[in-house]
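The structure appears right after this line, and notes come after that.
No lab work stands behind these numbers, since they all come straight from the coordinates. Just so it is clear, the model here is predicted, and its values are computed rather than measured. Cβ: placed from backbone, ideal geometry, glycine included. Neighbour counts: every protein chain shown.
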Amino acid sequence: MNAMTLEEPRADDADVLDDPRVTPMMRQYLEIKAANPDCLLFYRMGDFYELFFEDAEAASRALGITLTVRGKHLGRDIPMCGVPLHTADDYLQRLIAGGFRVAVCEQLEDPSEARKRGSKSVVQRDVVRLVTPGTLTEERLLDSSRNNFLAALGRVKGAGGDELALAWADISTGEFRLMAVTAGELPAALARVAPGELLVSDALYDSPEYRQALREAKTSVTPLPSAMFDSTAAERRLLSFFAVASLDGFGDLSRADVAAAGALVAYVDRTQKGGRPPLRPPRPEPSGAVVSIDPATRANLELTQTLSGERKGSLLWALDRTVTSAGARELAKRLSAPLTDLKEITRRLDAVGHLVEAREMRASLREALKAAPDLARSRARLALMRGGPRDLACVRDGVVAAGELATILAVGGLPAALEEISARLGALSDELRGALATALVERPPLNRRDGNFIADGYRPELDEARALRDESRQVVAGLQATYQDRTGVRSLKVKHNNVLGYFVEVTAQHEAKMRAEPLSGEFFHRQSLANQIRFSTNELADLEGRIASAADRAMALENEIFDTLCHAIAEEGERLDAAGEALGELDVLCSLAEIAAERDFVRPEVQDGIAFDIEGGRHPVVEQALEAERSGPFVANDCVLGPADGQDAGRLLVITGPNMGGKSTFLRQNALIALLAQAGSFVPARRARIGIVDRLFSRVGAADDLARGRSTFMVEMVETAAILNQAGPRSLVILDEIGRGTATFDGLSIAWAAIEHLHEVNRCRSLFATHFHELTALAETLPRVFNATLRVKEWQGDVVFLHEVVSGTADRSYGVQVARLAGLPEAVLSRAKEVLERLEDTERKSGAAGLVSDLPLFAVHLAREAKPAPAAKDDALRLRMRDLAPDDMTPRDALAALYELKRLAEET
Ligand code: ADP
């Protein structure tokens with residue numbers, strides 16, 4: 001510990017708190033800070049939140065705001081910075097994005113109350129809420145088109161290894177889900193849920209098996225005491241949170257499920273300080289219910305964001321025609337988690353199909369949806385007592401919209417999904433609708449304290465109080481003219497401020513007159529500024545009192561009505577939540593129907609089994625991009641990967657063709673078509689028949705991952721290894737340019753062996769794009785390998801890409817022609833041509849066809865290698881060594897570790 005840390009204020013240090021030099025306010029601050037050591041403390045002082053000491057330094061750096069000094073603590077200046085209350089949300093957002101957590105400490109009483117206890121008394125304050133990345137509720141802190149999930153990973157150690165469960169909830173919408181995961185599935189699950197914050201127990205946080213997965217999850221990980229994950233305590237917590245006698249009603253929950261959900265609820269309590277978001281009971285998801293997509297594949301396919309992290313250019317962006325925030329969030333979730341259950345997929349497709357046909361109904365539904373606000377988020381804010389009048393209006397407009405939508409849907413004969421949505425929308429009570437519609441003004445203000453949100457005529461007492469207040473204001477306004485006449489000072493003004501209340505103001509030249517008889521009898525001097533002199537009168541003071549008490553009364557009445565309405569909303573809570581969800585789902589179905597109609601998508605035939613037959617498929621994003629650039633039409637292509645007659649496994653298509661020919665686009669479009677179909681969307685094709693894919697793997701393009709210390713080639717091999725080890729008969733695999741990052745023969749050999757493995761072992765539907773033409777020879781020996789190529793035309797020495805996939809092999813790479821298009825100097829091009837001719841000549845003499853007949857079949861090879869390659873044995877010594885973190889060790893730790901290793905070595 002260095003000298004500086006020693007001198008830092010520490011509230012748990014009794015000496016500091018007892019030190020008479022510590023002011024009462026500082027004592028309060030230090031105590032509160034000590035209770036929230038891992039947060040920046042936003043300490044409320046009047047209209048500001050102030051930060052002190054290290055917090056001030058960190059915040060001023062992060063926010064670029066001025067660091068100043070406020071008083072002294074134990075003889076040293078106290079660094080301070082502050083943010084105004086009314087812009088605090090913006091600063092909060094930046095701090096949270098910057099990885100900080102913030103404890104918001106409010107004044108719990110009016111400063112006048114504190115003064116009554118003596119001049120030295122400090123206003124009572126306490127933390128009312130911790131703001132963390134996963135517990136945001138404010139509109140300004142959230143992206144309306146995305147969920148902000150808080151996730152918790154529960155672990156129960158069992159005989160057969162760890163049992164894990166992931167719980168995730170969005171406290172700003174109330175959604176709460178659960179699923180069992182294995183350690184291997186964890187990265188895919190986290191990539192799908194993409195939580196803003198992940199809670200894990202200290203023990204799990206420290207355990208080496210999960211270190212990699214936690215590090216790679218792109219989220220802020222919060223370790224918590226392991227006791228918060230204890231499944232028995234967790235069960236009690238869940239029972240009390242949901243006020244139920246047993247968890248049976250929530251489905252079949254494992255102990256890990258309960259641990260995860262219980263810890264999540266405990267953390268919500270801890271951060272919301274007793275405020276209760278309207279979380280719905282956790283809904284467990286059966287394992288394997290959604291297509292498993294590992295993080296690399298998910299990123300590569302750019303489902304909800306591009307590789308550079310933007311929404312624009314992603315599949316979601318290209319497809320999104322939703323008109324509500326709830327719809328946008330639901331669509332993102334559906335595209336992130338395509339289903340594997342044929343019944344549910346069909347149910348969604350039936351609904352989309354109906355809406356594609358029913359054009360008029362779709363148009364009126366979309367029109368009505370446009371008026372629907374973000375019901376779920378407003379309701380959550382109101383439940384947390386963080387809502388304002390505008391949230392009430394949101395609920396009102398949401399309820400009205402739900403009613404209209406239910407009316408449009410009340411035609412009978414709808415597919416099940418739409419009937420069910422209609423039932424939820426129609427279930428809201430007319431009473432609440434009526435109360436909100438008559439109580440609120442059309443456009444209420446954001447904050448309660450602004451007042452005037454209750455409509456005239458709703459409550460007679462309120463109208464009276466307002467009339468009194470407004471009449472008195474009128475009288476005040478009239479007084480200015482009266483006083484001008486009485487004093488003869490034409491420039492006299494009646495003004496108001498918070499310190500003096502109403503006062504009369506004249507310029508300094510009239511001071512003498514005002515302060516002399518007879519005027520001095522009526523006008524009492526209050527304040528002299530440089531050029532103005534201010535007076536008050538009994539009449540003004542009296543009016544002021546009347547205005548203030550009428551205004552107070554009006555405000556109190558408005559607040560009372562606000563609370564009653566909040567109560568009514570909470571009473572209707574479950575039905576409102578269900579309606580809010582239904583709004584989002586309906587918006588998604590309409591949006592999918594809209595895009596299908598707009599872009600000529602067809603209904604896919606989704607079925608069990610392993611068919612895969614796409615006719616005239618297109619890439620939904622590239623197609624739109626080409627159109628926007630007016631770069632000619634997208635060329636539709638077929639893709640058959642299902643088994644041929646008499647075969648029991650899918651095909652593997654080897655695709656060759658020049659760079660820029662369209663190989664990657666073709667690979668991705670087929671993966672996307674399968675995902676879209678299983679998400680319940682129509683697909684960009686003339687016809688599509690797809691046997692349900694349970695796992696999707698891709699290896700497309702590669703970037704160095706230097707942060708993780710991996711070269712392009714290493715990343716490529718890690719991803720390829722995952723595919724070859726995991727892909728099963730119902731998987732879909734797309735591999736692009738395997739083996740490019742190393743020497744030609746190396747790369748070719750790996751690609752060759754990978755194809756054989758896919759064909760013989762994984763036996764899954766696969767697309768394999770490559771620039772190694774040698775690989776096309778495999779079609780001769782492996783019955784389910786087929787060759788396809790992208791057609792090109794040569795024209796006056798240049799190459800023209802036709803983007804058409806045809807069966808067969810590319811005759812050459814056209815690399816030199818592509819290089820010419822890219823503008824390589826002519827001298828380089830002609831030299832390259834020369835070298836190429838030589839190389840091709842040599843290759844012809846020892847062609848790949850020869851290689852095929854020379855090599856023993858892979859199957860033979862497999863039999864020989866049936867025993868798994870001996871994995872490096874993880875003995876205790878190795879495990880212990882792997883856990884060492886040399887950079888974090890003191891010399892003493894290092895020495896202790898060395899002794900321990902020696903002991904382990906002797907034991908083994
Ligand atoms: P490769 O992987 O063979 O190098 P890409 O798939 O990256 O080629 O395609 C290169 C470009 O060609 C794309 O950016 C796109 O503009 C265009 N393209 C690809 N496929 C098609 C197609 N089917 N129709 C029209 N243009 C296409």
*asked:* Just to confirm a number: summing +1 for Lys and Arg and -1 for Asp and Glu over residues other than residue 699 whose beta-carbon lies under 9 angstrom from that of residue 699, what do you get?
replied: -4
*Based on the alpha-carbon gyration tensor of segment 70-134, what equivalent-ellipsoid semi-axes (square roots of 5 times the eigenvalues) come out, in whole Å, largest first?*
27, 18, 11
*How large is Rg over Rh for segment 359-501, taking Rg from the Cα atoms and Rh as the Kirkwood inverse mean of 1/r across Cα pairs?*
1.24
*Using a 10 Å cut-off on Cβ atoms, rank the peptides 821-830, 751-760 from the highest mean neighbour count down.*
751-760, 821-830
*Provide Rg over Rh for segment 349-392; use the alpha carbon set for both Rg and the Kirkwood Rh (inverse mean inverse pair distance).*
1.26
*For the charge dipole of the chain, defined by +1 on Lys and Arg C-beta atoms and -1 on Asp and Glu C-beta atoms about the Cα centroid, which residue among 733, 502, 772 has the Cα displaced farthest towards the positive pole?*
502
_Contact order normalised by length for the chain, with contacts defined as Cα pairs under 8 Å and 6 or more residues apart; what percent is it?_
8
_Regarding the chain, what's the average projected area of the Cα-atom convex hull, expressed in nm²?_
53.6
*Magnitude of the Cβ-charge dipole of the chain, K/R +1 and D/E -1, about the Cα centre, nearest 20 debye?*
1040
*Using just the alpha carbons, could you tell me how many Å³ per residue the convex hull of segment 175-245 encloses?*
108
*May I ask which residue of 564, 582, 595 lies farthest towards the positive end of the charge dipole of segment 507-609, with charges of +1 (Lys, Arg) and -1 (Asp, Glu) on Cβ and the Cα centre as origin?*
564
*Might you report the magnitude of the Cβ-based charge dipole of segment 420-556 about its Cα centre, with Lys and Arg at +1 and Asp and Glu at -1, to the nearest 20 debye?*
540
*Additional length obtainable on full extension of the chain from residue 360 to residue 62, 0.36 nm per residue less Cα span*: 102.1 nm
*In debye, nearest 20: dipole of segment 350-446 around its Cα centre with unit charges on the Cβ of K, R (+) and D, E (-)?*
520
_Along its three principal axes, how long is segment 576-683 when you only count alpha carbons? Whole Å, largest extent first please._
54, 42, 19
_Below 11 angstrom from the Cβ of residue 59, what's the summed charge of the other residues (Lys, Arg +1; Asp, Glu -1)?_
-2
*Any of 312/333; 72/120; 116/495 with alpha carbons more than 21 Å apart? Name them for me.*
116/495
*Rounded, prolate or oblate: which one fits segment 620-759, using the alpha carbon gyration tensor with axes a ≥ b ≥ c (rounded when a/c is under 1.5, else prolate when a/b beats b/c, else oblate)?*
oblate
*How big is the antiparallel share of DSSP beta bridges in the chain, given as a percent to the nearest 5?*
65
*Could you pull the Cα extents of segment 743-815 along its three principal axes, largest to smallest, in whole Å?*
45, 27, 17
_Which of 465, 454, 532, positive extreme of dipole for segment 431-533 (C-beta unit charges)_ = 532
*Overall Cα dimensions of segment 313-433 - principal axes, largest extent first, Å*: 42, 36, 25
*Based on DSSP H assignment, which helices of the chain show an axial Cα extent of at least 27 Å together with a mean Kyte-Doolittle hydropathy greater than or equal to 0.5?*
389-409
*Just order 231-239, 405-413, 770-778, 109-117 by mean Cβ neighbour count inside 10 Å, highest at the front, would you?*
770-778, 231-239, 405-413, 109-117
*Determine the calculated [θ] at 222 nm for the chain from helices alone, applying -39500 (n - 2.57) to every DSSP H run no shorter than 4 residues and normalising by the residue count; nearest 500 deg cm²/dmol.*
-14500 deg cm²/dmol
